[in-house]
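Visitor: Just passing along the structure, written as C-alpha cells.
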2 protein chains.
Amino acid sequence: MSLPLTPMIQSCILHFGEMGSRWGINRTVGQMYALLVLSKEPLCADDITEALGISRSNTSMGLKELMSWELVKLQHRPGERKEFYSAPGDVWDIAKTLIEQRRKREIDPTLSTLRNLLIDSPANADEEYAQQRMREMHELIEMLTLWTQEIQRLDSAQLGKLLKLGSSIGKVLDMKDRLLGGKKETTK
Amino acid sequence: MSLPLTPMIQSCILHFGEMGSRWGINRTVGQMYALLVLSKEPLCADDITEALGISRSNTSMGLKELMSWELVKLQHRPGERKEFYSAPGDVWDIAKTLIEQRRKREIDPTLSTLRNLLIDSPANADEEYAQQRMREMHELIEMLTLWTQEIQRLDSAQLGKLLKLGSSIGKVLDMKDRLLGGKKETTK
DNA sequence: CTGTAATTTCAGTAATTACTGAAATTACAG
DNA sequence: CTGTAATTTCAGTAATTACTGAAATTACAG
C-alpha cells in the first residue's frame, strides 16, 4: 500500500481502532490490524509506524500482540533483513482465528473455573443455589462452544453456501426437529 | 443471599471480575453481576457494596451500567423505598441479552461504517483493494449476525433440545447440503 | 408538606494502561 | 568476523479509566 493513507482507508482504520478499544485489544493494535487487512502488499514495521503516526517501539509491541493472536503472517524478502507482515487473505480465516483465540483466552478458563467450583459439595443452601447457576452456565457455554467449533470446521466455500441460506436456517432447525420428532419429544 | 460470601462463591465472583476486565466491562461490574446471578434473592445496593467491599457510589455506577445493558431487573418491596436488583433466572436469557447488546454496540456500528465506506467509488488501486476487503468483511459479519439472530429466536427449551444434538450439528449441515444438493452445487 | 433514607452526581485521586525515546540486543549482508 | 540496519526491551511519562467521599438530589413514608 502506498502511503500516505486516503481518507476512505483512514476512516476505516480509525473505526476499527475505536472498536478495538472496546475489546481487550487497544486502539493502536486495532488500527494496525485494520491497516494490514486493507493492504494488498505486506507492510514492514516502518510502514506501519509512518502510516499511523505512532512510535517505532509501539509498532513493535503491537505486532508482538498480533503475533500472539496468530493474526499476522511474517514474510521476508531475499537479501533484506527487514520483516514484512500481512493479514490472511480470507476474512473467514481471520474470523476463525479470532473466535479460536477468544475461546482459548476467555471461554476455556471460565469453563475450567466453573468445573472446579462444581466439584465440592455445597456447604449450605446459598451454595447449593449458586452451584445450580454455575452448572447452568457451564452447560450453556459448553454447548455454544461446541456449536461454534462445528461451524469453524467449515471452509470459506462451505460457509458461503451455508450462510447464503440466510435466515432460512430456521427451516434447517425445523427440519432437525422433524427428524428428532420421531424419537420421543412432542413438538415444543 | 446471606453475607459474607463463602469461598466458593467468592472465587466465582473474582473469576468473572477478571473476565469482565478483558471485555469492555470493568472488573467491579463483572463481580457485581456474578454476585447477582449467584444470588437467589434480589440484592439492594448496600448488600452489593458490603459483599464486594467497594464504595456505595461505585455500586451505584455499576448498577447504572448493568441497567444500560438490560442485564438486571429492578424490584421494590411494598413500604420500602429501597431498590432491589436481580439477574434473569434463565442463563439463556442472560446470554441472549449479552449477544444482543454487543451486537448493538459493536457489530451494527461496524456494519454501518463499512456500508458508508463502500458507497464511494475507489479513487485508486489501493482503495479498490481495500474496498474489496471491506465488502468481504461486511458480508461475513452480516451473515454471521443473521445466523446468531436466528438462534436467539429459540427459547430455552428449544435450545436445549437443539444443542443436545451436540457436535452432530455436522449432520444437520450435511442434511442441508443434501437438500441443497438437488439445486446445482456439486458437493464441495 | 416534611423529614429522612436512599440514590446519584461529581470533582478529586488512585490505579491502570498506553506510549515514547533511549539503550540494548539481534540478525545478517558483506 | 564486522559493521550496521532492524528489532526489542524497558524505564519513565502521558493518557485513560476506575474508584472514593462529600454534596446534591430524589423518592416516599408519615
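The values are calculated or read from the model by the stated rules, or taken from the named source; none is laboratory data. No experiment lies behind these values; they were computed from the predicted model shown. No Cβ is skipped: glycine too gets one built from the backbone with ideal geometry, and neighbour counts run over all protein chains shown. Only protein heavy atoms, including side chains, enter the accessible area calculation; ligands, DNA and RNA are left aside. Shrake-Rupley method; radii C 1.70, N 1.55, O 1.52, S 1.80 Å.
For every residue, the table says whether it meets (1) among the aromatic types (Phe, Trp, Tyr); (2) within 8 Å of DNA strand C (Cβ to nearest atom); (3) not in a helix (DSSP H, G or I).
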residue: A:Thr59; (1), (2), (3): no, yes, no
residue: A:Leu66; (1), (2), (3): no, no, no
residue: A:Leu71; (1), (2), (3): no, no, yes
residue: A:Asp93; (1), (2), (3): no, no, no
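Visitor: Related question: Within region B:22-35, how many residues are surrounded by fewer than 24 Cβ atoms within 10 Å (Cβ to Cβ) and among the hydrophobic types (A, V, I, L, M, F, W, C)?
Guide: Within region B:22-35, residues that are surrounded by fewer than 24 Cβ atoms within 10 Å (Cβ to Cβ) and among the hydrophobic types (A, V, I, L, M, F, W, C) number 2.
Visitor: Consider B:Gly160 against the criteria (1) at pLDDT 85 or above; (2) more than 8 Å from chain A (Cβ to nearest Cβ): it satisfies all of them except one. Which criterion is unmet?
Guide: Result: B:Gly160 fails condition (1) only.
Visitor: A follow-up question, please. How about region A:79-93: which of its residues are open to solvent by 40 Å² or more (accessible area, probe 1.4 Å) and either within 14 Å of DNA strand D (Cβ to nearest atom) or in contact with a Ser or Thr (Cβ under 7 Å, 6 or more places away or on another chain) (or both)?
Guide: Correct list: A:Gly79, A:Glu80, A:Arg81, A:Lys82, A:Glu83, A:Asp90.
Visitor: Within region B:59-74, work out how many residues are more than 15 Å from B:Lys104 (Cα to Cα) and exposed (fewer than 12 other Cβ atoms within 10 Å of the Cβ).
Guide: Final tally of qualifying residues: 2.
Visitor: A follow-up question, please. Do we have any residue at all in region B:38-54 that's modelled with pLDDT under 95 and within 11 Å of DNA strand D (Cβ to nearest atom)?
Guide: No, there is no match, as no residue in region B:38-54 is modelled with pLDDT under 95 and within 11 Å of DNA strand D (Cβ to nearest atom).
Visitor: Pick from region A:119-138 the residues that are surrounded by fewer than 18 Cβ atoms within 10 Å (Cβ to Cβ) and among the hydrophobic types (A, V, I, L, M, F, W, C): which of them is nearest to the other protein chains (Cβ to nearest Cβ)?
Guide: For region A:119-138, the residue satisfying everything is A:Ala123.
Visitor: Go through (1) modelled with pLDDT under 95; (2) in a helix (DSSP H, G or I); (3) closer than 25 Å to A:Leu154 by Cβ; (4) more than 7 Å from chain A (Cβ to nearest Cβ) and name the single condition B:Lys176 misses.
Guide: Of (1) modelled with pLDDT under 95; (2) in a helix (DSSP H, G or I); (3) closer than 25 Å to A:Leu154 by Cβ; (4) more than 7 Å from chain A (Cβ to nearest Cβ), only one is false for B:Lys176: (4).
Visitor: Please go through region B:11-57 and give me each residue that is within 14 Å of another protein chain (Cβ to nearest Cβ), charged (D, E, K, R) and part of a helix (DSSP H, G or I), ordered by number.
Guide: If the condition is that a residue be within 14 Å of another protein chain (Cβ to nearest Cβ), charged (D, E, K, R) and part of a helix (DSSP H, G or I), then B:Glu18, B:Arg22, B:Arg27, B:Asp47 are the ones that fit.
Visitor: Restricting attention to region B:8-50, which residues are among the charged types (D, E, K, R), without any contact (Cβ under 8 Å) to a residue 12 or more places away in the chain and farther than 18 Å from B:Met61 by Cβ?
Guide: Listed by number, the list holds a single entry, B:Arg22.
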